[in-house]
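First up is the structure itself, then whatever we jot down about it.
Quick note: the coordinates plus some simple rules give every number you see, no bench work behind them. The structure displayed is predicted, hence computed values, not measured ones. FYI the Cβ positions are ideal-geometry reconstructions off the backbone, even for glycines, and counts take in every protein chain you see.
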Amino acid sequence: MSLPPPIVLSFAASDPSGGAGVQADILTLAGMGCHPLTVLTALTVQDTTGVEDIFVMDAEWVADQARTVLQDMPVQAFKIGMLGSVEIIAAIAEIISDYPDIPVVLDPVLASGRGDTFANEEIIAAMREMLFHQATIITPNSIEARRLALDDEDDQEILNLKQSADRLLQWGCSYVLIKGAHENTPKVVNILYDVNGMVRSDSWQRLPGSFHGSGCTLSSAIAASLARGMSIADSVYEAQEFTWLTLKAGFRPGMGQHIPDRFFWAEDEKPEEDSGSTGG
Ligand code: PXL
């Protein structure tokens, strides 16, 4: 019998289209050689064109799923995606606080890439208060970063990305990776910050098409790399490269968005050497 691969526990919602959510996490973690444990926070009804409905789990069910597998197996990283309710956030916050040495990747999902809303102000406040200080890294896109950084009272303010990162770091997470796909720049520029400022910046060629599940892929890939024992900065680079290649190999199975191919490397044809990165 062989030794188990690194194990990553993902808290996420089901996306029946297989593009985002827990399905994205499973494919990514498996594609990067990890064993995925999955704790469902919600079910969605959606296809590649949009979300039709969401059923949020009872917080006790979330806690029971997690406690059961955590008592059975050692976990090397946590990944947190769509949360569903304040009660679920409280349950997850309490559980992960029992494992302070396990890195936590928090993807603060506020909406799908197509704009379907997944979080209200109460959920945002609960995430900030209960989860940010336990997160090793949070991975907002630039829109989420600005929204998460602003309180209700100062929503007239417009923050630049560095200011947004500084505010988010003040809530207690160790690192913030702000994803730049929504910014009006020729390349996609993703910047990693810690309290001392910018840690690394990576630029990636923009790919044609609109993708469903790129954020879940990236955050899971960071968790997989951390679970393998890599540093934060190296994990962030490795995960971006993996994600860019999944997008490059992406496919359009339905009438809506493209889906990343998390098993691009298992194709017969070798992927091209060019990684698409121009930053460092
Ligand atoms: O990409 C964020 C996300 C997370 N979880 C689920 C989703 C999405 C985006 O559509 O559907 C279930």
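Calculate for the chain the 222 nm mean residue ellipticity that helices alone would give, adding -39,500 (n - 2.57) per DSSP H run of length 4 or more and normalising by residue count, nearest 500 deg cm²/dmol.
So the helix-based figure for the chain works out to -10000 deg cm²/dmol.
What does the extension gain come out to for residue 195 and residue 52, with contour length at 0.36 nm per residue minus their alpha carbon separation?
47.5 nm
Which order do the peptides 131-140, 66-75 take when ranked by the mean count of other beta-carbon atoms within 10 Å per residue, highest first?
My ranking of the peptides, most packed first, is 131-140, 66-75.
Give, as ranges by residue number, the residues of segment 22-61 whose backbone N falls under 17 Å from the point 7 Å along Cα→Cβ of residue 73.
Hits in segment 22-61 for residue 73 at 17 Å: 22-41.
How far apart, in nm, are two points set 7 Å out from the Cα along the Cα-to-Cβ line at residue 206 and at residue 97?
Roughly 4.4 nm, to one decimal.
Using the count of nearby Cβ atoms within 10 Å as a rough guide to exposure, how do 15, 234 rank from fewest to most?
Neighbour counts put them in this order, fewest first: 234, 15.
Sorted by mean Cβ packing within 10 Å, highest first, what order do the peptides 220-226, 257-263 take?
220-226, 257-263
Between residue 267 and residue 114, what is the label-to-label distance in nm when each label sits 7 Å out along the Cα-to-Cβ direction?
2.4 nm
Along segment 215-221, what does the Karplus equation 6.51 cos²θ - 1.76 cosθ + 1.60 (θ = phi - 60°) give for ³J(HN,Hα), rounded to whole Hz, x for Gly and Pro?
x, 5, 5, 5, 5, 5, 5
Which shape class, rounded, prolate or oblate, goes with the chain when its Cα gyration tensor gives a ≥ b ≥ c as root eigenvalues, a/c under 1.5 marks rounded, and past that a/b bigger than b/c marks prolate?
rounded
Convert each backbone phi in segment 250-260 into a coupling constant with the Karplus relation 6.51 cos²θ - 1.76 cosθ + 1.60 (shift: θ = phi - 60°), then list the ³J(HN,Hα) values in order as whole Hz, x for Gly and Pro.
The phi angles translate into x, 9, 10, x, x, 9, x, 6, 7, 10, x Hz.
Taking segment 7-275, how many lysine pairs are there with alpha carbons less than 16 Å apart, if each pair must be eight or more places apart or span two chains?
4
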